[in-house]
Amino acid sequence: MSKKPDNLLEFLNGTFALYPEEIKLYEEAFIHSSNNSSLNNQRLAFLGDSVLRLIIREHFFKKNPVSDIGELTKICGEEKETNKNFAKYRIQT
C-alpha cells in the first residue's frame, strides 16, 4: 500500500512529477468557496472557464474557415459555453 503524502507539494511531485514554483496557486485551487475563506478557487475557475472558451472558439474558427463573425457566433453560441457542456467537448486533432 502506498504512503499518503504529507502535503500538497509532495503529492504533486510524487503523482504528477510537478514541481510548481507557485504552490499557493495549487493550494488555492483546492479551497472550495463553501469554506467561507476569502481565498478560494472561484477566481481560478473563472480563468479556467475563459481558457476553455478560447479553445472551443479556436476549434470552431479553424473548422469553419469561410464563416463570418455572425455564423461563428451562432456556431459557438453561449449555450455551448457552459460548465455543464465543457465536459462534453472532446476535440480530436
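The values are calculated or read from the model by the stated rules, or taken from the named source; none is laboratory data. Worth saying up front: this structure is predicted, and the values here are computed from it rather than measured. Counting neighbours? That spans all protein chains shown, and the Cβs are built from the backbone with ideal geometry, glycine included.
List every residue pair whose Cβ atoms lie under 6 Å apart, where the two residues are 6 or more positions apart in sequence or sit on different chains, the first residue falls within the range 41-59 and is free of Cβ contacts under 8 Å to residues at least 12 places away in the same chain, and the second residue, located anywhere, is not aromatic (Phe, Trp, Tyr).
Cβ pairs passing all conditions: GLN42/SER33.
So that you can scan it fast, the table gives a plain yes or no per residue for (1) out of contact with any Pro (no Cβ under 6 Å at 6 or more places or on another chain); (2) hydroxyl-bearing (Ser, Thr, Tyr); (3) within 26 Å of ASN85 (Cβ to Cβ); (4) part of a helix (DSSP H, G or I):
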position	(1), (2), (3), (4)
LEU9	yes, no, no, yes
SER37	yes, yes, no, no
GLY48	yes, no, yes, yes
LEU52	yes, no, yes, yes
SER67	yes, yes, yes, no
THR73	yes, yes, yes, yes
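Would you pick out the residues in the range 21-31 that are of a type outside the set (A, V, I, L, M) and either modelled with pLDDT of 90 or more or surrounded by 13 or more Cβ atoms within 10 Å (Cβ to Cβ) (or both)?
Residues satisfying the conditions are TYR26, GLU27, GLU28.
Taking into account only those residues within the range 53-88 that are surrounded by fewer than 10 Cβ atoms within 10 Å (Cβ to Cβ) and of a type in the set (A, V, I, L, M), which is modelled with the lowest pLDDT?
ALA87
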